Ligand code: BGC
């Protein structure tokens, strides 16, 4: 079944892809060339909708999630229609309405905020379309399934990274925390995980918290200017920066460079993006968190295939973890995958596993660092 509108959506997406490919400085292996003009719809199989939230907050959404979801959904015999709302809540809602009206059999939601994701899920569910919350859980929402990583563990790895980086520093090391969007449940979980490691260090006086600041919409630019304000009003003193993802870390590093402090002040990150890995090899970023998004996409596709066939028992066998929704006061059946801490010594792993190409990171003056890290 393939309506005219879905075909149009697919054609429109081809255009979006072409445009974003020009601006993107990062591509995972599966994102290149072989997509033809249709972007991601083959017109074969059961139609499934996917709405991604943004492009600017992290290179992951277009660079990893989109191509991996496309491949995984196709491999399950489904016909993926993947759109990106570009951070626009209105556009997100319109895309969802279009997909619901066109009769997608499952809707996969990576929302901009819980309220929006919840509204979209409710509309789809009211039409008998099952929904999967993808990566971000919509608090108070109605999706029966959620696929993500263990996001508290992500935060723990970030906290652990900072503890490792400053283990030999004198007591009272001054830490600034640049956190994700308060409207993204993941940002809360990352923070909670970080504090598991950092709070005892703050309490003991090993570390001193200068300020912890959430950044609306994960806006990287705002993250940079906010960091600079906190840093300068602290007498231009900082010993470590916990940044919630590679995008925010990059913005922080730009500021540190201005003050000639890059490489001296450890910075954390997340997403193992090409830019993050480059900053690690350059010595400007201490660590990132590698979340194998291919696995996230594959688990989502398997769940979607089961739900598209109305086989809830099969879906339940896949989603054997559980997530807490404190707003909706319910548990959501989940797949929660394992994240990994990546420092300079492990950059090779992300490349060996095919997420980022060696050519993307081993550029110019990073050749020597690549050789040293065993990357060829
Ligand atoms: C994702 C992160 C991402 C962030 C900003 C979070 O919900 O889990 O991987 O860096 O959003 O897009």
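The values are calculated or read from the model by the stated rules, or taken from the named source; none is laboratory data. Everything numeric here is computed off the predicted structure, so don't read it as measured data. Cβ coordinates were reconstructed from backbone atoms using ideal geometry, including for glycine residues, and neighbour counts include every protein chain displayed.
I'd like to verify a number: residues in segment 114-146 that are assigned to a helix (DSSP H, G or I), within 24 Å of residue 45 (Cα to Cα) and in contact with a strand residue (DSSP E or B) (Cβ under 8 Å, 6 or more places away or on another chain), how many?
Of the residues in segment 114-146, the ones assigned to a helix (DSSP H, G or I) are 114-126.
In the following step, the residues that additionally are within 24 Å of residue 45 (Cα to Cα) were identified as 120-121, 123-126.
Adding the requirement that they be in contact with a strand residue (DSSP E or B) (Cβ under 8 Å, 6 or more places away or on another chain) leaves 120-121, 124-125.
Qualifying residue count for the region: 4.
Just to be sure I understand, how many residues within segment 279-337 are surrounded by fewer than 19 Cβ atoms within 10 Å (Cβ to Cβ) and either under 30 Å from residue 368 (Cβ atoms) or out of contact with any strand residue (DSSP E or B) (no Cβ under 7 Å at 6 or more places or on another chain) (or both)?
15
Within segment 144-163, can you find the residues that are crowded, with 20+ Cβ neighbours inside 10 Å and either away from the ligand (no atom under 16 Å from the Cβ) or under 18 Å from residue 263 (Cα atoms) (or both)?
145, 158, 159, 161, 162
Residue check: is residue 97 surrounded by fewer than 24 Cβ atoms within 10 Å (Cβ to Cβ), free of Cβ contacts under 8 Å to residues at least 40 places away in the same chain and under 26 Å from residue 189 (Cβ atoms)? Don't jump to the end; show me each part of the working.
Numbers: surrounded by fewer than 24 Cβ atoms within 10 Å (Cβ to Cβ): yes; free of Cβ contacts under 8 Å to residues at least 40 places away in the same chain: yes; under 26 Å from residue 189 (Cβ atoms): no.
No; evaluated as a whole, the condition is false for this residue.
Just to be sure, is residue 49 at pLDDT below 95 and farther than 24 Å from residue 354 by Cα?
Values: at pLDDT below 95: no; farther than 24 Å from residue 354 by Cα: yes.
No: the conditions fail for residue 49.
Report whether or not residue 250 is farther than 28 Å from residue 323 by Cα, within 16 Å of the ligand (Cβ to nearest atom) and in a helix (DSSP H, G or I).
Details: farther than 28 Å from residue 323 by Cα: yes; within 16 Å of the ligand (Cβ to nearest atom): yes; in a helix (DSSP H, G or I): yes.
It is true that residue 250 is farther than 28 Å from residue 323 by Cα, within 16 Å of the ligand (Cβ to nearest atom) and in a helix (DSSP H, G or I).
Among the candidates 74, 66, which residue alone is assigned to a helix (DSSP H, G or I) and more than 20 Å from the chain's Cα centre (by Cα)?
Details: 66 fails: more than 20 Å from the chain's Cα centre (by Cα).
It is 74.
Give 167, 208, 153 a once-over and let me know the one that is at pLDDT 95 or above and out of contact with any helix residue (DSSP H, G or I) (no Cβ under 9 Å at 6 or more places or on another chain).
167
So is residue 272 more than 25 Å from residue 170 (Cβ to Cβ), more than 16 Å from the ligand (Cβ to nearest atom) and touching a helix residue (DSSP H, G or I) at 6+ places or on another chain (Cβ under 8 Å) or not? I'd like the intermediate steps shown before the answer.
On the way: more than 25 Å from residue 170 (Cβ to Cβ): yes; more than 16 Å from the ligand (Cβ to nearest atom): no; touching a helix residue (DSSP H, G or I) at 6+ places or on another chain (Cβ under 8 Å): yes.
No.
Quick check: anything in segment 310-327 assigned to a loop (DSSP other than H, G, I, E, B) and within 22 Å of residue 59 (Cβ to Cβ)?
Within segment 310-327, the subset assigned to a loop (DSSP other than H, G, I, E, B) is 310-311, 319-320, 326-327.
In the following step, the residues that additionally are within 22 Å of residue 59 (Cβ to Cβ) were identified as none.
No, because not a single residue in segment 310-327 is assigned to a loop (DSSP other than H, G, I, E, B) and within 22 Å of residue 59 (Cβ to Cβ).
How many residues, within segment 200-227, are part of a helix (DSSP H, G or I), touching a strand residue (DSSP E or B) at 6+ places or on another chain (Cβ under 9 Å), away from the ligand (no atom under 12 Å from the Cβ) and closer than 22 Å to residue 160 by Cβ?
Number of matching residues: 3.
Quick test for you: out of 255, 265, 289, pick the one residue that is within 27 Å of residue 345 (Cα to Cα) and assigned to a helix (DSSP H, G or I). Steps first, please.
Working: 265 fails: assigned to a helix (DSSP H, G or I); 289 fails: assigned to a helix (DSSP H, G or I).
When all the criteria are applied, what remains is 255.
In segment 275-308, how many residues are free of Cβ contacts under 8 Å to residues at least 60 places away in the same chain, within 15 Å of the chain's Cα centre (by Cα) and away from the ligand (no atom under 12 Å from the Cβ)?
1
Can we say residue 111 is touching a strand residue (DSSP E or B) at 6+ places or on another chain (Cβ under 7 Å), closer than 26 Å to residue 326 by Cα, in a loop (DSSP other than H, G, I, E, B) and at pLDDT 95 or above?
On the way: touching a strand residue (DSSP E or B) at 6+ places or on another chain (Cβ under 7 Å): no; closer than 26 Å to residue 326 by Cα: yes; in a loop (DSSP other than H, G, I, E, B): yes; at pLDDT 95 or above: yes.
Spelling it out, it is not the case that residue 111 is touching a strand residue (DSSP E or B) at 6+ places or on another chain (Cβ under 7 Å), closer than 26 Å to residue 326 by Cα, in a loop (DSSP other than H, G, I, E, B) and at pLDDT 95 or above.
Hey, can you tell me all the residues within segment 334-364 that are part of a helix (DSSP H, G or I) and touching a residue at least 12 places away in the same chain (Cβ under 8 Å)?
The initial filter retains those residues of segment 334-364 that are part of a helix (DSSP H, G or I), namely 344-352, 358-361, 364.
Once the filter is applied, which keeps residues that are part of a helix (DSSP H, G or I) and touching a residue at least 12 places away in the same chain (Cβ under 8 Å), segment 334-364 yields 344, 345, 346, 347, 348, 349, 350, 351, 358, 360, 361.
With (1) closer than 18 Å to residue 117 by Cα; (2) modelled with pLDDT under 95 as the list, and residue 3 as the residue in question, which single condition is left unmet?
Unmet for residue 3, out of (1) closer than 18 Å to residue 117 by Cα; (2) modelled with pLDDT under 95: (1).
Given the structure, is residue 213 in contact with a helix residue (DSSP H, G or I) (Cβ under 7 Å, 6 or more places away or on another chain), surrounded by fewer than 18 Cβ atoms within 10 Å (Cβ to Cβ) and under 26 Å from residue 148 (Cβ atoms)?
Details: in contact with a helix residue (DSSP H, G or I) (Cβ under 7 Å, 6 or more places away or on another chain): yes; surrounded by fewer than 18 Cβ atoms within 10 Å (Cβ to Cβ): yes; under 26 Å from residue 148 (Cβ atoms): yes.
Against the criterion (in contact with a helix residue (DSSP H, G or I) (Cβ under 7 Å, 6 or more places away or on another chain), surrounded by fewer than 18 Cβ atoms within 10 Å (Cβ to Cβ) and under 26 Å from residue 148 (Cβ atoms)), residue 213 qualifies.
With the requirement that a residue be part of a helix (DSSP H, G or I) and more than 12 Å from the ligand (Cβ to nearest atom), what does segment 164-190 give you?
As a first pass, look at segment 164-190 and keep what is part of a helix (DSSP H, G or I): 164-165, 185-190.
164, 165 - these are the residues of segment 164-190 that are part of a helix (DSSP H, G or I) and more than 12 Å from the ligand (Cβ to nearest atom).
Please count how many residues of segment 91-106 are under 23 Å from residue 77 (Cα atoms) and assigned to a helix (DSSP H, G or I). Spell out how you get there, then give the answer.
From segment 91-106, those under 23 Å from residue 77 (Cα atoms) are 95-96, 98-106; that's our starting set.
With assigned to a helix (DSSP H, G or I) added as a condition, the list becomes 95-96, 98-101.
Residues in segment 91-106 being under 23 Å from residue 77 (Cα atoms) and assigned to a helix (DSSP H, G or I): 6 in total.
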